[in-house]
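Have a look at the structure below, then the notes.
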Amino acid sequence: MNGYLYDPHTHTAETSKCGHLPAAEVVDRYVRQGFSGLVVTDHLHPEYLSRIDTDHDWNKVMDHYLSGYRASKARGDELGFDVILGAELRFPENDNDYLVYGIDEAWLRGNPYMCCMSAREFFQKFHDQVLIIHAHPYRDGNTTVFEDAVHGTEIINGNPRHDNYNDRALELARRHPEYLRLAGSDTHQSGDECRAGVLLPERVRDSFAYRRMIETGRFQLWGPEFSEFVRADEDMRKEVRK
C-alpha cells in the first residue's frame with residue numbers, strides 16, 4: 001500500500017445519535033489498522049437540531065456538535081494521527097446525506113442553520129467554498145438524487161449494515177465524468193471501521209488541505225472488499241487522461 005490512508009466518512013457516539021463508538025475508541029481502532037487519519041463527519045440535520053437547540057442558540061448547538069470531533073482530535077494528537085473536521089448534512093426535503101469538506105469551526109459557527117435550506121440552495125450558496133459529496137446516494141432504494149447539486153459521490157460506501165447500492169452510485173458517476181468519486185467506511189459501530197478510504201500522496205492536517213487534495217485528483221480509492229469499484233475508478237481516470 002503506497003501512500004497515506006484516510007477514511008473520509010466516520011461518526012462519533014458523542015455527537016451522532018446513531019454512533020455507538022466513542023471518539024477516542026474510533027481513533028484507536030484506525031491507528032491499529034495502519035491508517036494515517038480520518039475525517040469526522042457527524043450528522044447535522046433538522047432532527048438533530050430539534051433535540052439539541054432547546055435554547056435557540058446556534059453557538060450552543062455547535063459546542064455540542066463539535067464535541068465528537070474535539071474528542072477525536074485530542075486522541076489523535078496524542079497518537080500522531082490526523083483527525084480532520086467534516087460534516088454530514090441532511091436537508092428537510094428528503095433523507096439524502098451530503099458529506100461536506102473544506103470547513104472549520106469558524107465556518108460552522110458563521111453559517112447558522114445551513115442544514116435547514118434545500119440541497120440546491122446549499123449548493124448554490126456554498127459550492128465555491130466547500131466540497132459537497134453525495135453520501136451513499138441510493139442507500140435502501142433512495143431514488144431522489146439531485147445530480148446538479150454536488151461535486152461528486154461516494155461510489156464505495158463500506159457500511160455493512162445497509163443496502164448501499166454502490167453499483168448504482170458508480171453508474172451515477174459514469175453519467176457525470178466531472179464528478180469526484182470517493183470511498184468511505186461510514187463508521188458508526190464495531191465492525192464498520194476501516195473498510196474503505198482514500199490513499200493520499202502526503203499527509204493532510206486539516207479539512208482545507210484534504211479538500212485541495214481531492215479536488216486536484218491527488219488520491220486513489222481504497223477498499224479491499226470493493227476491488228471492482230477501485231478498478232472502475234482507475235479505468236475512468238485513464239479515460240479522462242486520454
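Restricting attention to segment 1-46, the residues that are among the charged types (D, E, K, R) and touching a residue at least 40 places away in the same chain (Cβ under 8 Å) total 5. Evaluating Thr54 against the criteria (1) open to solvent by 10 Å² or more (accessible area, probe 1.4 Å); (2) β-branched (Val, Ile, Thr); (3) under 16 Å from Glu193 (Cβ atoms) leaves one unmet condition, (3).
Candidates Ser190, Ser227: the one that is polar (S, T, N, Q) and under 20 Å from Val40 (Cβ atoms) is Ser190.
Being surrounded by fewer than 22 Cβ atoms within 10 Å (Cβ to Cβ) and at positive phi, is that true of even one residue in segment 123-136? No: segment 123-136 contains no residue that is surrounded by fewer than 22 Cβ atoms within 10 Å (Cβ to Cβ) and at positive phi. Among the numbered conditions (1) surrounded by 22 or more Cβ atoms within 10 Å (Cβ to Cβ); (2) polar (S, T, N, Q); (3) free of Cβ contacts under 8 Å to residues at least 60 places away in the same chain, the only one that Ser72 does not meet is (3). Being within 17 Å of the chain's Cα centre (by Cα), modelled with pLDDT of 95 or more and of a type in the set (A, V, I, L, M, F, W, C) is a description that does not apply to Val31. Considered as a group, the residues in segment 98-114 that are in contact (Cβ under 8 Å) with a residue 40 or more places away in the chain and surrounded by fewer than 18 Cβ atoms within 10 Å (Cβ to Cβ) include one that is nearest to the chain's Cα centre (by Cα), and that residue is Asp104. One residue stands out among those in segment 34-43 that are over 15 Å from the mean Cα position of the chain (by Cα) and not hydroxyl-bearing (Ser, Thr, Tyr): the one that is nearest to Met117 (Cα to Cα), which is Phe35.
Is there a residue being within 16 Å of the chain's Cα centre (by Cα), within 19 Å of Ser190 (Cβ to Cβ) and not aromatic (Phe, Trp, Tyr) anywhere in segment 44-62? Looking for residues that are within 16 Å of the chain's Cα centre (by Cα), within 19 Å of Ser190 (Cβ to Cβ) and not aromatic (Phe, Trp, Tyr), one finds none in segment 44-62, hence no. The set of residues in segment 81-97 being open to solvent by less than 50 Å² (accessible area, probe 1.4 Å) and of a type outside the set (Val, Ile, Thr) consists of Phe81, Asp82, Leu85, Gly86, Ala87, Glu88, Leu89, Phe91, Asn94, Asn96, Asp97.
The values are calculated or read from the model by the stated rules, or taken from the named source; none is laboratory data. Values in this document were obtained by computation on a predicted structure and should not be read as measured data. Note that we place each Cβ from the backbone using ideal geometry, even for glycine, and neighbour counts take in every protein chain shown. Quick note on the areas: whole protein, heavy atoms, side chains included, nothing else; ligands and nucleic acids left out. Shrake-Rupley method; radii C 1.70, N 1.55, O 1.52, S 1.80 Å.
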